[in-house]
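The values are calculated or read from the model by the stated rules, or taken from the named source; none is laboratory data. Keep in mind it's a predicted model, so treat the numbers as computed, not measured. Neighbour counts run over all protein chains shown; Cβ positions are idealised from the backbone, glycine included.
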Amino acid sequence: MGVRIRATGTSNTTDTHSIVEHSGRAARQSLERAGIRPDQVGVLINTGIFRDSNTVEPAVAALIQKAAGIGLDYTRTDPRTFSFDLMNGAVGVVNAVQVASSVLATGGTDHVLIVAGDTHPSLTRSAADAEFPYATAGAALLLETVDGPEGFGPVHIATAPGGPAGQAYVDTATMGTAGRGLMTVQRDADFEDRILAVAGDVARAALAGAADARVALIASTPSAHFPKRLADALGIDQDAVRTPDLTDGDPHTAALPLAYDRAVVAGTLDGYTHVLFVAAGAGPSAAATLYRLPAGTTA
């Protein structure tokens with residue numbers, strides 16, 4: 001039994017800066033593309049980090065679930081949808097794939113929905129800048145089990161010693177009454193080099209035994225050139241790199257599903273047998289999994 005991507009969804013319009021709304025829209029689009037009802041989703045996992053007004057409670061996953069119109073009926077016989085936040089920065093989506101695979105293996109639900117995305121907590125902007133290097137966008141991956149060989153391989157995870165290389169926090173000493181709209185982001189000068197090293201380690205582990213595979217690479221985008229640097233380190237042709245739209249900057253937790261959706265919609269995965277997903281960020285930490293593409297992959 002394998003776990004594959006049934007459908008994807010995205011949202012990055014500028015009519016709202018709410019990540020709850022963007023993630024809800026992406027979730028709804030994935031269900032529409034798959035042709036399934038909201039009550040067929042048993043679990044929703046939110047991996048976003050930077051949220052509307054620095055919301056702490058309730059879990060943002062619950063707010064996204066409501067925005068997506070999933071599990072809103074509560075009569076005795078209605079199906080239940082369980083939602084929760086899984087927060088591990090840029091690595092969160094791949095972590096969620098691992099969790100979703102375990103959930104689906106139990107047979108308790110036919111579909112797990114992973115949503116990702118970030119926004120500036122002030123809700124006043126969507127493009128990255130020097131102080132907050134993340135773009136506002138939402139994305140969704142709808143996962144299901146299949147009997148064939150397609151789908152995700154094992155998830156490989158690693159962390160590197162030393163400091164986190166990057167961090168984001170609300171500075172309680174200076175925020176005053178504006179803390180719900182502020183976020184401080186700091187990166188060490190060698191941030192990208194350190195996460196590149198650990199990303200290379202997990203990527204090589206995921207690629208082991210796949211010598212005959214025709215592999216496209218989708219990786220985190222802490223900078224526009226990071227995925228191609230990783231490709232060089234792995235000996236993968238740069239023409240095999242697929243990225244999200246980086247016009248507004250790094251979409252952070254949503255980078256991998258946005259890149260996959262973009263590639264599928266554009267048909268640029270034709271001729272490849274696998275996608276290597278590599279997520280890397282502060283920690284430094286990274287996770288990777290090799291995804292065998294189903295025949296006739298569509299969004």
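Filter the stretch 13-51 down to residues that are of a type in the set (D, E, K, R) and more than 20 Å from Phe82 (Cβ to Cβ), then give me how many there are.
Qualifying residue count for the region: 5.
What about Ala254, is it surrounded by 19 or more Cβ atoms within 10 Å (Cβ to Cβ) and in contact with a Leu (Cβ under 6 Å, 6 or more places away or on another chain)?
Spelling it out, it is not the case that Ala254 is surrounded by 19 or more Cβ atoms within 10 Å (Cβ to Cβ) and in contact with a Leu (Cβ under 6 Å, 6 or more places away or on another chain).
Can you go through Val99, Val146, Val112, Val93 and tell me which one is of a type outside the set (Gly, Ala, Ser), on the phi < 0 side of the Ramachandran plot and over 18 Å from the mean Cα position of the chain (by Cα)?
Val146
Can you confirm whether Pro227 is at pLDDT 95 or above and crowded, with 16+ Cβ neighbours inside 10 Å?
Yes; evaluated as a whole, the condition is true for this residue.
I'd like to check something: does the stretch 116-134 contain any residue that is touching a residue at least 12 places away in the same chain (Cβ under 8 Å), within 22 Å of Phe152 (Cα to Cα), outside any loop (DSSP other than H, G, I, E, B) and not assigned by TED's automatic domain parsing to the domain that holds Leu276?
Yes: the stretch 116-134 contains one or more residues that are touching a residue at least 12 places away in the same chain (Cβ under 8 Å), within 22 Å of Phe152 (Cα to Cα), outside any loop (DSSP other than H, G, I, E, B) and not assigned by TED's automatic domain parsing to the domain that holds Leu276.
Kindly indicate whether any position in the stretch 82-89 is farther than 19 Å from Ser126 by Cα and of a type in the set (Ser, Thr, Tyr).
The answer is yes, given that some residue of the stretch 82-89 is farther than 19 Å from Ser126 by Cα and of a type in the set (Ser, Thr, Tyr).
List the number of the failed condition for Gln186; all other conditions in (1) within 19 Å of Ala255 (Cα to Cα); (2) surrounded by fewer than 14 Cβ atoms within 10 Å (Cβ to Cβ); (3) of a type in the set (S, T, N, Q) hold.
(1)
Could you tell me how many of the residues in the stretch 211-224 are buried (at least 21 other Cβ atoms within 10 Å of the Cβ) and among the hydroxyl-bearing types (Ser, Thr, Tyr)?
2
How many of the residues in the stretch 143-169 are touching a helix residue (DSSP H, G or I) at 6+ places or on another chain (Cβ under 6 Å) and more than 19 Å from Val112 (Cβ to Cβ)?
5
Would you check if there is a residue in the stretch 145-155 being touching a Phe, Trp or Tyr at 6+ places or on another chain (Cβ under 7 Å), under 26 Å from Ala295 (Cα atoms) and of a type in the set (Phe, Trp, Tyr)?
yes
Can you find even one residue in the stretch 66-77 that is within 22 Å of Gly281 (Cα to Cα) and either at pLDDT 95 or above or in contact with a Ser or Thr (Cβ under 9 Å, 6 or more places away or on another chain) (or both)?
There is no residue in the stretch 66-77 that is within 22 Å of Gly281 (Cα to Cα) and either at pLDDT 95 or above or in contact with a Ser or Thr (Cβ under 9 Å, 6 or more places away or on another chain) (or both).
Restricting to the stretch 130-164, count the residues that are surrounded by fewer than 18 Cβ atoms within 10 Å (Cβ to Cβ) and under 17 Å from Ile19 (Cβ atoms).
Going through the stretch 130-164 one residue at a time, the tally reaches 1.
Check every one of the helices (runs of 4 or more DSSP H) wholly within the stretch 181-299 and list those with 1 or more residues that are touching a strand residue (DSSP E or B) at 6+ places or on another chain (Cβ under 7 Å) and among the acidic types (Asp, Glu).
191-207, 255-266
Could you say which residue among Ala137, Ala173, Ala197, Ala165 is closer than 25 Å to Thr289 by Cα and either without any contact (Cβ under 8 Å) to a residue 24 or more places away in the chain or touching a His at 6+ places or on another chain (Cβ under 8 Å) (or both)?
Selected residue: Ala137, the only one of Ala137, Ala173, Ala197, Ala165 that is closer than 25 Å to Thr289 by Cα and either without any contact (Cβ under 8 Å) to a residue 24 or more places away in the chain or touching a His at 6+ places or on another chain (Cβ under 8 Å) (or both).
Being part of a helix (DSSP H, G or I) and touching a His at 6+ places or on another chain (Cβ under 9 Å) is the filter here; which residues of the stretch 32-58 pass it?
Ala34, Gln40, Asp52
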